Amino acid sequence: MINSIESLINSLLRDLLLRGPNTEIRIKNSSRNNMVTVGEQQDENDHSDDNGGGNPTYRCSHNLQSDVSPNDNDEVVETLIYGRRTHRQRIAMILFTLAQTHDLLLNRRCCTYRELLYKNNHMASNMLHINRAVQDVCCLLNQTSWNLGIFSSGKGLIAGPLLIVMSNGDTIDCNCLTTPTMIPPNFTYIDHFQTQAQIIVVVEKDTIFKKLLQSPLFSVMKGKVLLITARGNPDLSTRWLLNKLSRAHTHLAMYMLADGDPYGIEIMLTYRYGSQKYKHQAMELACPHIKWLGIHPSDISHNMLHVPQQPLSAKDYAKIESILKRCYVKEEIRRELIVLKHHGYKAKLDNMSGQTFSFFVYDYIVNKIKRQVVL
């Protein structure tokens, strides 16, 4: 990997010296693969080692055509020309990120996206510039950001009988219910887990996560449950940890608790199938065995939970239609989406009163898990 980065930096600098403003970088985004090539695209038969064993060849291109052009394989090739001011800044950001990545790998360190911003705030005015530069470099090296030592700031929380053992021997004890543990943002440094848990409950919202910590759920489940939340949209560290937990401890049953609305359902689907942005890393981030515990739209339509309901907005209806168009969504999920659409109302977990929440823990969560009324 380090050799590949050095080779690429040298190629870019050489091209800048020889061609000056005519230097081009072609960034190719494909449904099959994402990579960036400098000049002419790399031969599709050249399968260099993902770990940097091979050094791909980069050549300058003399084709100064449009900035974005599709090809026959639904690929979009974006051409960056150093002579253009906006492109010049982006190429400079790519070089900066390559240099930082080289330093991280060489010294076996890691950093966050925000740290990269602080190191180069005179060139990168906001996080969008950093995100795009990291994405370009990831495509260029055919690697993920976390394999390059660059991590997002973690936001996931975990509580329950789990010991996280890091690669340097440090341990993180998550079995403190009064103060939940932050999931390590540098998740690839996790070596293994030790747990007596039998069930994982992934909670969409931080408010419900905290309420469940204060509820009798742990005593009812005899301390065999892990509670995890990403506090909204799932971040990479939470998804990666769940994936590795499910692989390392195959006996663990995993359940998702989300709002009874289209966005809660989409979050559940992200945990189960992964996201479009990281579709090529689904094997590391998706949890296909996670079960949807609730809230199911059919529960809302029968008013099982006695939770205040709100009418669906135009955005909610649009989101339902968007999810229904996805080929991977199973029939039972589609039926629930159609029920939600026809019912016209949604229910949110944090709208529950104290008495309703007590019923929710005992009669809804516990009974649904025991009876396996899940999707």
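Here, each number is a calculation from the coordinates, and none is a lab measurement. Keep in mind it's a predicted model, so treat the numbers as computed, not measured. Every residue, glycine as well, gets a Cβ built from its backbone with ideal geometry; the counts of neighbours run over all protein chains shown.
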- What do you get when you divide the Cα radius of gyration of the chain by 2.2 N^0.38 Å, with N the number of residues? 1.13
- Item | Low-density loop cleavage sites - chymotrypsin sites (Phe, Trp or Tyr not before Pro) in the range 279-364, where at most 16 other Cβ are within 10 Å (DSSP) | Tyr328
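Can you say what percent of the DSSP beta bridges in the chain, counting only those with both residues inside, are antiparallel? Round to 5. Walk me through the intermediate numbers first.
Values: 30 of 46 bridges.
Of all bridge pairs located within the chain, approximately 65 percent are antiparallel.
If you take the beta carbon distance between Asn303 and Lys224 as r and set R0 to 35 Å, what does 1/(1 + (r/R0)^6) give as a FRET efficiency, to the nearest 0.05?
Details: r = 31 Å, r/R0 = 0.90.
Efficiency, from the Cβ-Cβ distance: 0.65.
How high is the FRET efficiency between Asp103 and Arg132 when r is their beta carbon distance and R₀ equals 25 Å, given to the nearest 0.05? Before the final figure, lay out the partial values.
On the way: r = 20 Å, r/R0 = 0.80.
That pair, Asp103 with Arg132, gives E of 0.80.
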- Item | Distance (nanometres) between label positions extended 7 Å along Cα→Cβ at Ile2 and His249 | 3.6
- Search the structure for amide H atoms under 5 Å from the amide H of Lys291, placed 1.01 Å from N in the peptide plane, and list their residues when 5 or more places away or on another chain. Met254, Tyr255, Met256
- Message: Could you work out [θ]222 nm for the chain from helices alone, using -39500 (n - 2.57) per DSSP H run of at least four and dividing by all its residues? Round to the nearest 500 deg cm²/dmol.
- Response: -11500 deg cm²/dmol
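Tell me, in nm to one decimal, what length is gained between Val76 and His280 on full extension, where the rule is 0.36 nm per residue of separation less the Cα-Cα distance? Walk me through the numbers on the way to the answer.
Details: separation 204, 0.36 × 204 = 73.44 nm, distance 1.68 nm.
That pair, Val76 and His280, stretches by 71.8 nm at full extension.
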- Item | Contour excess over end-to-end distance, with Cα ends at Arg114 and Ala318 and 0.36 nm allotted per residue | 70.1 nm
- What's the longest piece of the chain with no exposed trypsin sites (Lys or Arg not before Pro), counting a site as exposed if DSSP puts it in a loop and it has at most 16 other beta carbons within 10 Å? 110-221
- Task: Just subtract the alpha-carbon distance of Thr171 and Gln355 from 0.36 nm times their residue separation and send over the number in nm, one decimal.
- Result: 62.4 nm
